[in-house]
Amino acid sequence: MAAPWAAAPPEEPLAREAALLAVDAALLAGVLMRTQEEPGASQVVSYAPFTLLPSAVPSALFEQAYAVQQDFNLLVDAISQNKEFLERTLASTIKVDDFTARLFRIYTQVLEEGLAQSVFLGINRSDYMFDCGADGTPALKQIEINTIAASFGGLTSRTPAVHRQVLKMLGRTEEASRLLPNNPAQGLALGIAKAWELYGSQSAVVMFLVEEVQRNIFDQRCVENELWNRNIRVIRKRFRDVFEKGSLDDARRLYIDGQEVAVVYYREGYVPQNYDPQNWEARLLLERSRAVKCPDIATQLAGTKKVQQELTRPGTLEKLLPDQAASVARIRATFAGLYSLDLGEEGDKMAAKAIADPDCFVLKPQREGGGNNLYGEELRHVLEKIKDSPERTSYILMDKIKPRPSKNYLLRPHTPLKVSECISELGIFGVYVRQGKELVLNESAGHLLRTKAIEHADGGVAAGVAVLDTPYLV
């Protein structure tokens, strides 16, 4: 079932009029990004790209994605506490992937020294697509789970108001009333505030660790403002600031510029380009501290593609979540086919299969941030080159998900208006807080729908491919 406008979106003159209204509504609502020309300044801003119309999402799959989020929170938390599982799962990857290896070295160093941190905060986002099987029935299939710097929880809370206005202008008042409210920024801030409270120092601050240049600053400000509204002080620092001005006292409390830091919320640090030797030093300092890291390095490692692939092996979920059969069943129902490329018979077989039929698979490296996956002929070319090399173990293979496209207009600054065939990806935000061994908070915290034209195989909003959207449940 599609949205009423999916088969026949408005004709161009009406679409043009609706787009003018939509862009102004987006600017009024704060669906904002800094410009590519001036990515470090907010004097000139533009709207974040978004769809003209909300996209259809099957309500049963939407509810399924929400229902399983607390299970995924439990799973991520369990993995982060399981040293033996992480060591065994990542053993082949860290031999060939220097970035994962460096993270892992810090992880083991901090464990050997003994954790100073006693409160743990997880903010993750589980991303799905709707796979149309042979009989055409859509099924919810997980693409990945993001355990570090999961973005757009702020801006996505502003898009339903924009889409409501567009639908009303098009005479779709009843449909406009059916769009769900959504405020992930509030949910994310709730988790950060709880971790700050449990840290136990009223004068300590929350530190957003941010990139040198941040186009997506307003998304972060939405979460930041929620914290200021709770009278929690927020500072924004870069790795460079931590290296130059960060220190630990005898109790391993973290100080920056003389201010004690209760929570470090990473919006950076998820790709190799984020690190130079000084930044690695800064990361180690942060990990050694008592401050609540979101994520701590174990939780970042729990989000790697290799871990995702290992979870699909029979019996793995049962070991990680013993006596939780219902959670295991809900999680397993979302898995797409995932396959190891480790050296040996199993990996050889899968590499040969993917080379023979590349359109059935996606080749995924251990990277976050979108735009890294390989498809079709590019997949075949890379796998043929590395099929006999240990380098192949830095990738996993995944069955290619085949969603049903629908028509929409994608609104981007300085881009002509045209109808595109589009596919969507649904993300559910999850938040949990653990103190020692006790889970004190475990919630889903809102959703994110991103949509892109079918000619773009990979990439999110920040990568300039997908645009923000609002689900219209059907």
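The values are calculated or read from the model by the stated rules, or taken from the named source; none is laboratory data. Every value quoted in this text rests on a predicted model; they were computed, and no experiment measured them. Heads up, the Cβs are rebuilt from the backbone with ideal geometry, glycines too, and the neighbour counts pull from every protein chain shown. Only protein heavy atoms, including side chains, enter the accessible area calculation; ligands, DNA and RNA are left aside. Shrake-Rupley method; radii C 1.70, N 1.55, O 1.52, S 1.80 Å.
Brief remarks on what is shown
- Relative contact order (percent, whole number), segment 327-474, Cα cutoff 8 Å, 6+ residue spacing: 19
- Radius of gyration over Kirkwood radius for the chain, both on Cα atoms: the Rg/Rh ratio is 0.96.
- Sparse packing (at most 14 other Cβ atoms within 10 Å of the Cβ) combined with a DSSP loop state is found for the following GluC sites (Glu not before Pro) in segment 201-261: 212.
- For segment 154-270: accessible area per residue (Å², 1.4 Å): 42
- Cα-Cα over 27 Å, subset of 319/452; 168/418; 306/387; 83/437: 319/452
- Taking Lys and Arg as +1 and Asp and Glu as -1, the other residues whose beta-carbon sits under 15 Å from that of residue 109 total +1.
- Above 17 Å, the calculated P(r) of segment 179-283 contains 55 percent of its Cα-Cα pairs.
- On the basis of the beta-carbon distance and an R0 of 41 Å, residue 115 and residue 8 show a calculated FRET efficiency of 0.10.
- Taking 0.36 nm per residue of separation and subtracting the Cα-Cα distance, full extension of the segment from residue 323 to residue 240 would add 25.4 nm.
- Top positive-direction residue, dipole computed over segment 337-400 with Cβ charges, set 347, 373, 361: 373
- Computed extension gain for residue 249 through residue 388, at 0.36 nm per residue and net of the alpha carbon distance, reaches 45.1 nm.
- Positive dipole terminus of segment 9-86, leading residue within 58, 81, 44 (C-beta point charges): 81
- Mean-position separation - Cα centroids, segment 118-145 and segment 387-456, in angstrom: 8
- Look at where the Cα atoms of segment 196-218 and of segment 291-326 average out, and the two centres are 26 Å apart.
- Mean separation of Cα contacts under 8 Å, 6 or more apart, over the residue count of the chain: relative contact order %: 26
- Peptide ranges 16-29, 178-191 listed from the most packed, as the mean C-beta count within 10 angstrom indicates: 178-191, 16-29
- Listed by chain and number, the aspartates and glutamates whose alpha-carbon sits under 14 Å from that of residue 349, ignoring those within fewer than 8 places in the same chain, are 357, 384, 388.
- Solvent-accessible area, 1.4 Å probe, carbon plus sulfur percent, for segment 317-422: 51
- Note on residue 273/residue 43: beta-carbon distance plugged into 1/(1 + (r/R0)^6) with R0 of 22 Å gives a FRET efficiency of 0.25.
- Solvent-accessible heavy-atom area per residue, rounded to whole Å², over segment 1-56 at 1.4 Å: 50
- Taking the charge dipole of the chain about its Cα centre, with +1 at Lys and Arg Cβ atoms and -1 at Asp and Glu Cβ atoms, the residue from 411, 100, 198 reaching farthest to the positive side is 198.
- Evaluated at q = 0.17 Å⁻¹: base-10 log I(q)/I(0), Debye formula over Cα of segment 353-474: -0.99
- In summary, segment 337-400 shows an alpha-carbon radius of gyration equal to 0.97 times the 2.2 N^0.38 Å reference for compact globular proteins.
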